[in-house]
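Some notes on the structure that comes next.
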Amino acid sequence: MIGWLAGVWLLWTSDRWTRGQKLAGTLAWPLGYAAALVSDYVLFNPLWVSLLVANLITIGILVVLAMTARPGRSSAVRSAPAGAQPVASGNS
């Protein structure tokens, strides 16, 4: 639970995701857990089927999010300020 909370905090403080993606990422684990409960108590499936359904839903949501992510701030190419002089290296 603590790991999920830390992940949600990192997700919502990042600029890499849209609001909809953040909401989907926040709900990925609870939705997978809810699917396991429904599968277990309503459909009376064996435990391994419930766990398989929960994991497939969670992994599916996370894969879609990872494939549609925007580049973050750290991947931006940083250019020198206008009028800056190049710094000579001591290797020449």
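Candidates VAL42, VAL8: the one that is in contact with a Ser or Thr (Cβ under 6 Å, 6 or more places away or on another chain) and at pLDDT 80 or above is VAL8. Picking from GLY32, GLY3, which residue would you name as being in a helix (DSSP H, G or I), of a type outside the set (S, T, N, Q) and over 17 Å from GLY60 (Cβ atoms)? Going through GLY32, GLY3 in turn, just one is in a helix (DSSP H, G or I), of a type outside the set (S, T, N, Q) and over 17 Å from GLY60 (Cβ atoms): GLY3. Of the residues contained in the range 23-46, one or more are found to be surrounded by 14 or more Cβ atoms within 10 Å (Cβ to Cβ) and acidic (Asp, Glu). From the set of residues in the range 6-29 that are of a type in the set (Val, Ile, Thr) and part of a helix (DSSP H, G or I), which is farthest from LEU62 (Cα to Cα)? Only one residue tops the list, namely THR13.
The values are calculated or read from the model by the stated rules, or taken from the named source; none is laboratory data. What you are looking at is a predicted structure, and each value in this text was computed from that prediction instead of being measured. For neighbour counting, all protein chains shown are included, and Cβ atoms are generated from backbone atoms with ideal geometry for every residue, glycine included.
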